[in-house]
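**Student:** Take this structure first; my questions come after.
The values are calculated or read from the model by the stated rules, or taken from the named source; none is laboratory data. Computed from a prediction, not measured in an experiment: that's the story for all the values here. Backbone-built Cβ (ideal geometry, glycine too); neighbour counts: all protein chains shown. Note: areas computed on protein heavy atoms with side chains; ligands, DNA, RNA excluded. Shrake-Rupley method; radii C 1.70, N 1.55, O 1.52, S 1.80 Å.
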Amino acid sequence: MKMSPEEFEQTVAEALDLIPDRFIEALDNIVVVVEDEPDEYHLGTLDDPYSLGGSFHDDELLGLYDGVNLVERADGYELDAPDVITIFQGPHERCFSTRREMVDEIRKTVIHEIGHYFGIDDERLHEMGY
């Protein structure tokens, strides 16, 4: 399913509206952005010890948390730059065929990446269904 960038951003906004307020309210200094495709930086970040990982469907990177999770911040955190959750449009379009599927998967992707923000690893997130 192909969408214009504006349609995809609206889909991301719909997915964010479905995330429980208690999770959104617990976030501090974090932004959600949309990119067309993951690039070398995004793919290289997966090996960075400060990035816990990304959300995948088959071999497609759907989303990525890039930042210092709350567990790592416990010893002090002085950076002002926000942590970033990136949602990738191209992989979502290739993996899912309906708008409803995209909204559902974007919601799961954002929750997965918020989990990384809280310091939850991929194994536990998968156990939780994300």
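**Student:** Counting only the heavy atoms of the protein chains, how much of THR11 is accessible to a 1.4 Å probe, in Å² to the nearest 10?
**Tutor:** Accessible area of THR11: about 0 Å².
**Student:** Compute the FRET efficiency between ASN29 and GLU6 as 1/(1 + (r/R0)^6), taking r as their Cβ-Cβ distance and R0 = 22 Å, and round to the nearest 0.05.
**Tutor:** Working: r = 27 Å, r/R0 = 1.21.
The formula returns an efficiency of 0.25 here.
**Student:** Between 0 and 90 degrees, rounded to the nearest ten: what's the tilt of helix 5-17 against the longest Cα principal axis of the chain?
**Tutor:** Tilt of helix 5-17: around 60 degrees.
**Student:** Which one of GLN89, VAL32, ALA15 has its Cα pushed farthest toward the positive end of the charge dipole of the chain, where Lys and Arg give +1 and Asp and Glu give -1 at the Cβ?
**Tutor:** ALA15
**Student:** Okay, next question. Taking Cα atoms, how many degrees apart are the long axis of helix 99-117 and the longest axis of the chain, rounded to 10 and kept between 0 and 90?
**Tutor:** 10 degrees
**Student:** Turning to a different aspect of this structure: In debye to the nearest 20, how big a dipole does the chain give about its Cα centre with +1 on each Lys and Arg Cβ and -1 on each Asp and Glu Cβ? Mind dumping the intermediate values first?
**Tutor:** Numbers: 9 positive and 33 negative charges, 104 e Å.
Using Cβ point charges on Lys, Arg, Asp and Glu, the chain gives about 500 debye.
**Student:** I would also like to ask the following. Kindly provide the helix-only [θ] at 222 nm of the chain, computed as the sum of -39,500 (n - 2.57) over DSSP H runs of four or more divided by all residues, to the nearest 500 deg cm²/dmol?
**Tutor:** On the way: 7 runs with 60 residues, N = 130.
Taking each H run of at least 4 residues, the total per residue is -13000 deg cm²/dmol.
**Student:** Non-local amide H neighbours of PHE56 (under 5 Å, H modeled in plane, Pro and chain starts lacking H): which ones?
**Tutor:** LEU62
**Student:** Students often check this: by mean Cβ neighbours within 10 Å, which of 30-41, 84-95 ranks highest, and how do the rest follow? Can you show the working numbers first?
**Tutor:** Working: 30-41: 13.6, 84-95: 20.7.
In descending order of packing, they fall as 84-95, 30-41.
**Student:** Using a 1.4 angstrom probe on heavy atoms only, work out the carbon and sulfur share of the accessible area of the chain in %.
**Tutor:** Details: 3560 of 7340 Å².
Looking at the chain in its full context, I get 49 percent from C and S.
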